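Novice: Have a look at the structure that comes next, please.
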Amino acid sequence: MKLDVIVVGSGQAGIPLAARLARAGKRVLLAERAEIGGTCVNTGCTPTKTMIASARAAHVARTAARLGVRAGPVEVDLPAVVDRKDAIVRRWREGAEKRLREGGERLTLVRGQARFTGERRIEVAGDTHTADIVVLDVGARPAAPPLEGLERVPWLSYETVMQLRELPSHLIVLGGGYIGCEFGQMFRRFGAQVTIVDVVPHLLSRARTRRSHRRWRPCSATRASASSWAPERKGSPVRRAASRCDSRVGRSCAAPTC
């Protein structure tokens, strides 16, 4: 089929672009192999921030006494947290599907894996399509690190960890970037023991150096290749001593008592 534009991927850029071009009179094909909405809606921003909100609610309730409010023991119902996350993702996905329908008859959605078979020629779902303009909005997927023995254990990616319905007693997070820090803080606030491991001496190493050093202090009980963060209080499930958190961190801090 000869088209004006082919868009591969229905993420945050693909859907509005395809719909707007179709409303402008262009013949547009949108190819998507997975769920409508792409990475952000299904496995990225929307579900992670939803679960982070639940984790923060638990953190605020636990630390409310410092504000003169006594909330009592706090329990996290992880299945309920996951169910809420799934419901919000469904609503966002339905909204993305609605925006696609607003593109009208000139916008065609084709489900399947798209691949190039020539210059400006795409094959998807067994059919070949050509267009003067091809836009790639392909999103992201987990990449397994080259760690010996990883294939022999049931490891979790950023996608599958959000499907857990039972809280792990101890979660090891490989990588101290913003995604690793988010999940580390989230599950620590849910009540799990958390260890963040990285090969660099401080977290958020890809952020601006001054900011990453200011916001995180490596634990004195670990080597440069592995760092852990935990509250310094009696009864903590983390037994190794951890550094105090910088008071300027605020809610971005990894330790639940900050």
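Here, each number is a calculation from the coordinates, and none is a lab measurement. Quick caveat: nothing in here was measured; it's all calculated off a predicted structure. All Cβ positions, even for glycine, are placed from backbone atoms using ideal geometry, and neighbour counts span all protein chains on display.
Novice: Using modelled backbone amide H atoms (1.01 Å from N, in-plane), which distant-in-sequence or interchain residues come within less than 5 Å of residue 134's amide H?
Specialist: Here the answer is 6, since their amide H atoms fall under 5 Å of that of residue 134.
Novice: Now for a different question. Compute the Kirkwood hydrodynamic radius of region 1-141, taking the inverse of the mean of 1/r over all pairs of distinct Cα atoms, and give it in Å to one decimal.
Specialist: Here the Kirkwood hydrodynamic radius works out to 17.1 Å.
Novice: Next question, about the same structure. Which of 102, 148 has the fewest other C-beta atoms within 10 Å, and how do the rest follow up to the most?
Specialist: 148, 102
Novice: Can you sort 187, 116 from fewest to most other Cβ atoms within 10 Å of each residue's own Cβ?
Specialist: 116, 187
Novice: What whole-number value in cubic angstrom gives the convex hull volume per residue for the C-alpha atoms of region 14-75?
Specialist: Per-residue hull volume (Cα only) is 105 Å³.
Novice: Can you tell me which aspartates and glutamates have their Cα less than 19 Å from the Cα of residue 85? Leave out same-chain residues fewer than eight positions away.
Specialist: Result set, ordered by chain and number: 35, 75, 77, 94, 97, 159, 166, 182.
Novice: Still on this structure, I have one more. Just want the ordering: 155, 92, from fewest to most Cβ atoms lying within 10 Å of their own Cβ.
Specialist: If I rank by nearby Cβ atoms, fewest first, I get 155, 92.
Novice: Determine the alpha carbon to alpha carbon distance for each of 26/98; 2/49; 49/98 and list only those over 30 Å.
Specialist: The pairs that break the limit, which is 30 Å between Cα atoms, are 2/49.
Novice: Is any residue of region 103-128 close enough, with backbone N under 17 Å, to a label point placed 7 angstrom from the Cα of residue 136 along the Cα-Cβ axis, and if so, which?
Specialist: The answer is 113-124, whose backbone nitrogens lie closer than 17 Å to the label point.
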